[in-house]
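The values are calculated or read from the model by the stated rules, or taken from the named source; none is laboratory data. If you're wondering where the values come from, they're calculated on a predicted model, not measured in any experiment. Positions of Cβ are backbone-derived with ideal geometry, glycine not excepted, and every protein chain shown enters the neighbour counts. Accessible surface is based on the protein model in full, side chains and every heavy atom, while ligands, DNA and RNA are left aside. Shrake-Rupley method; radii C 1.70, N 1.55, O 1.52, S 1.80 Å.
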Amino acid sequence: MDTTTQKPAAPPAPGPAAPPDTRAARGVTRPGDRIFLGLSRGSGILVLVLMAAIAAFLTYRASLAISQDEANFFTSFEWNPSGSPPEFGIAVLAFGTVVSSIIAMVIAVPVAVAIALFITHYAPRRLGGPIGYVIDLLAAVPSIVYGLWGALVLVPHLDGLYGWLDDHLGWTGILEWNDGAPRSLFTVGILLAVMILPIITNVSREVFRQVPRMHEEAALALGATRWEVIRMSVLPFGRSGVISASMLGLGRALGETMAVAMVLSPSFTINASLLDPGGGTFAQNIASKFNEATEMGRDALIASGLVLFVITLLVNGAARLIIARRKEYSGANA
């Protein structure tokens, strides 16, 4: 009996490896991919070119006005570009724009985040759906409609709120009311808060819906309450999205025109109290004075528009920086 064992045959030697298909790796093997890549790249470049063209135009026209301004453009409280000599400054406009936007953000952001959390984590679907639909409708309302509502409904009914603020916080001087018409920066801030509320709510709602379900279920399994789940899982996950939503709302608040023009009583004075009439914003001043302005006046208005353009870019850049750092921090702790 032959007890010898046969050794298994050795596997054949592998042949030379095929060179990698670099075109397939780039995803441009088909003509449709190449066309889409070109269109996407061209669209991005077009946006940059448009931004550069807008900045160049604003800078050129602004330089013509600032070179002939006898006053300090950044600190003057006068606006008389048609005078001899011309005097105009943006101190009041910058103050009014920043203050009214801050008031709007302080009011709108907590309310918007609370509404988004209620829709996504507390309300039943039969109730959350209609509420979300109503919020979407608010985002589609034109600015002029908000302005009419603010002038005809909001302003006449703010006496009670102004009186309460004066009674309880008037000692601060910032919220002291002298029984004037409630057409102040505080009223503008309330109106802007209503306008930016749907923007922040909609984006925050979509971000909260992207929270991994496994994270929430794990927290619930460990005995966490609904609020603890939101505090430990939902809010940390959606913080970057809420910041982005807030910056979108802030961008609209900074540039809002017609609604502010219909509510605010403009004057080139800065009052210690936010409840006193007066002040102004960049967009409101441009909209109210552009048609009747002279050539010098239009250059002065364009110069103020350049400042608003720079402020908006800085706000968006700061938001992107915060989000990028937050992502790096989250990746380092993952």
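When the chain is modelled as a GNM with alpha-carbon springs shorter than 10 Å, which of Leu46, Leu127, Leu254 fluctuates the most?
Leu46
How large is the translational diffusion coefficient of the chain in µm² per second when you combine the Kirkwood radius over alpha carbon pairs with Stokes-Einstein at 20 °C and 1.002 mPa s?
Result for D is 88 µm²/s.
Using a 1.4 Å probe on the protein heavy atoms, what percent of the accessible area of the chain belongs to carbon and sulfur?
66 percent
By the scheme Lys and Arg +1, Asp and Glu -1, what is the net charge of all other residues having a beta-carbon under 14 Å from that of Ala219?
0
Summing +1 for each Lys or Arg and -1 for each Asp or Glu, what net charge is found among the other residues whose Cβ lies under 10 Å from the Cβ of Thr120?
The answer is +1.
Cut-off 10 angstrom, C-alpha nodes, Gaussian network model of the chain. Which of Leu138, Leu37, Leu308 fluctuates the most?
Ranking Leu138, Leu37, Leu308 by mean-square fluctuation puts Leu37 first.
With the other protein chains left in place, how much accessible area per residue, in square angstrom, belongs to the stretch 125-173 at a 1.4 angstrom probe? Could you put the intermediate results ahead of the total?
On the way: 3190 Å² over 49 residues.
On a per-residue basis, 65 Å².
Taking 0.36 nm per residue of sequence separation and subtracting the Cα-Cα distance, how much length would be gained by fully extending the chain between Glu206 and Arg252, in nm to one decimal?
14.6 nm
Sorting check: for 129-135, 82-88, which peptide has the highest mean count of neighbouring beta carbons within 10 Å, and how do the rest follow?
Numbers: 129-135: 13.7, 82-88: 15.9.
Most protected by this proxy first, the peptides run 82-88, 129-135.
Just the number please: accessible area per residue for the stretch 256-303, 1.4 Å probe, all protein chains included, in Å². Can you show the working numbers first?
On the way: 1830 Å² over 48 residues.
Ligands and nucleic acids excluded, the result is 38 Å² per residue.
Report the net charge of residues surrounding Gly150, where surrounding means a beta-carbon distance below 14 angstrom and charges are Lys +1, Arg +1, Asp -1, Glu -1.
Around Gly150, the surrounding residues sum to 0.
Per the Cauchy relation, a quarter of the hull surface: what is the mean projected area of the convex hull of the alpha carbons in the stretch 88-156, in nm²?
For the stretch 88-156, averaging the hull's shadow over all directions gives 6.6 nm².
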